[in-house]
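Here the structure is laid out as structure tokens; the discussion comes afterwards.
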Amino acid sequence: MDAKAIHEKLAARFGEKIAGVSLEVLEPWVVVASETIAEVAAFVKADPDLRFDNLMCLSGVDYPKEKPPRMEVVYHLYSYTHLHTFVLKVHLPREDPALPTVEGTWSVANWHEREAYDMFGIVFTGHSDLRRILLPDDWEGWPLRKDWVDPEFYNGMRVKPTQQMMERALAGEAIGVGPFDFTPPNRHAGE
Amino acid sequence: MAPITGIIQNKFPDAVVFTTVDQVVNWARKSSMWPMTFGLACCAIEMMAAGGTRYDWDRFGLIPRGTPRQSDLMIVAGTVTLKMATRVKRLFEQMAEPKYVISMGSCANNGGPYWKYGYHVLKGVDEVIPVDVYVPGCPPRPEALLYGIMKLQERIQEDRVLRRHPESVGSLTGATLENR
């Protein structure tokens, strides 16, 4: 099926829950109301004409400068049966973004949703094991949000280079640009 | 030659070799640096190439070991994330003395491309463990790593094992991490 037919099928089934649409792009997409996404996911997988049996990717996106500011979750779908693709998007508020999980439809969403949670703090309600997947468990904050500010330290390790370190680097004193056997004084010699 | 050394001059057969204990110990240490099998990112691919038949670090006496307990050398090959940094430190602490560290590639040296905006990357592995030799490159070619290994061998050969350190006269233990 082409994108237009897929959109018509979704619009006929879900009505105003399919909010936005863009079909004249490389990867045609529709915007789905956040509370409906689990039903839409189950439908597009089960429907014999659509049969989106593969969730290729699930991503989080942060748009702080849009009006109103929003987060998005983007679902790239593929059908091994019909060899067609389609994209679903969900708009979420930047404050406490939450939406139902699609883990029940595509089990691969388990890890993808954990990653979106890890990086953006998007909560997938009903997820079987929603915890950080890449960052350490004791990490604080959501680093891929656009308003993220690096902490100075994490567990005693410096995260942001100091001004002095930057100046040393700009002066060409940084490790890695000198001769092979250049060894700076051990920074922990005093301990 | 004038007979000045008295009773031991010209008393030994050809098979006897004279040297210092420091020389022998250092020669043994530098000739069998066993690295830990340990790679973090793309630098590890170059490290594996250095261990393969073409570059063959076996000829330097490097035999990769599967455990820090049997290793003398840690080659930090790749990006050290903050999450991994605690593990790297623990692995280093599990190695028996004497132990050496080669920091391989820009990421391990100073964070590399993650220097300014990498929220999750340690700005140089020497923040958590002492480094003996830094090998620059992104990633360094196997030749560069081998050159770093040879530089480390030179440093080991200069090490003072039993002899006092010049600036620590009076101390019994001269060879420490800070002044070797």
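Just need the Rg to Rh number for the stretch A:47-140, please, alpha carbons only, Kirkwood Rh.
Reported Rg/Rh (Cα atoms, Kirkwood Rh): 1.01.
What quantity of accessible surface, computed with a 1.4 Å probe and excluding non-protein components, is buried in total between chains A and B, in Å² to the nearest 100?
In total, this chain pair buries about 2600 Å².
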Using square roots of five times the C-alpha gyration tensor eigenvalues, list the equivalent-ellipsoid semi-axes of chain B in whole Å, biggest first. 37, 19, 14
Amide H neighbours of B:R65 at under 5 Å, excluding residues fewer than 5 places away on the same chain, with H built from the backbone geometry, are B:M36, B:T37
Positive-end residue of B:F92, B:I7, B:A144, charge dipole of the stretch B:1-156 with Cβ unit charges: B:F92
Radius 13 Å from Cβ of A:E24, net charge of other residues (Lys, Arg +1; Asp, Glu -1): -1
Hand me the trypsin sites (Lys or Arg not before Pro) from the stretch A:1-97 located in a DSSP loop with no more than 12 other Cβ atoms within 10 Å, in residue order please. A:K65
Placing unit charges on C-beta atoms (Lys and Arg positive, Asp and Glu negative, everything else neutral), compute the dipole magnitude of chain A about its Cα centre in debye, rounded to 20. 280 debye
Bridge type composition, chain B - antiparallel percent by DSSP, nearest 5: 10 percent
Taking all pairs of different Cα atoms in the protein assembly as shown, averaging 1/r and flipping that mean, what Kirkwood radius in angstroms comes out? 25.1 Å
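Can you tell me the relative contact order of the stretch A:1-157? Whole percent, Cα pairs under 8 Å, sequence separation 6 or more.
Value for the stretch A:1-157: 18 percent.
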The value for the stretch B:71-113 (convex hull of the alpha-carbon atoms, volume per residue, Å³) is 58 Å³
Give me a comma-separated list of calculated 3J(HN,Hα) values for the stretch A:137-144, in order, Karplus coefficients 6.51, -1.76, 1.60 applied at θ = phi - 60°, integers in Hz, x for any Gly or Pro. 4, 8, 5, 10, x, 10, x, 8
Put +1 on the Cβ of each Lys and Arg and -1 on the Cβ of each Asp and Glu in the protein assembly as shown; which of A:L50, B:G51, A:A38 then has its Cα farthest toward the positive end of the dipole? B:G51
Contact order relative to length of chain B, as percent, for alpha carbon pairs under 8 angstrom and 6 or more apart: 21 percent
If you roll a 1.4 Å probe over the protein assembly as shown with all protein chains in place, what percent of the accessible area is carbon or sulfur? 56 percent
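Cross-link list A:K67/A:K89; A:K17/A:K45; B:K30/B:K99; A:K4/A:K45; A:K9/A:K67; A:K67/A:K160: which exceed 23 angstrom alpha carbon to alpha carbon?
Beyond 23 Å between Cα atoms: A:K9/A:K67; A:K67/A:K160.
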Karplus 3J(HN,Hα) series, Hz, for the stretch A:75-87 with 6.51 cos²θ - 1.76 cosθ + 1.60 (x for Gly, Pro): 10, 9, 10, 9, 10, 6, 6, 9, 6, 10, 10, 7, 10
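The values are calculated or read from the model by the stated rules, or taken from the named source; none is laboratory data. In this text the structure is predicted, and so the values were computed from the model without any measurement. Note: ideal-geometry Cβ built from the backbone for every residue, glycine included; neighbour counts use all protein chains shown. Remember, those area values only see protein heavy atoms, side chains included, never the ligands or the DNA or RNA. Shrake-Rupley method; radii C 1.70, N 1.55, O 1.52, S 1.80 Å.
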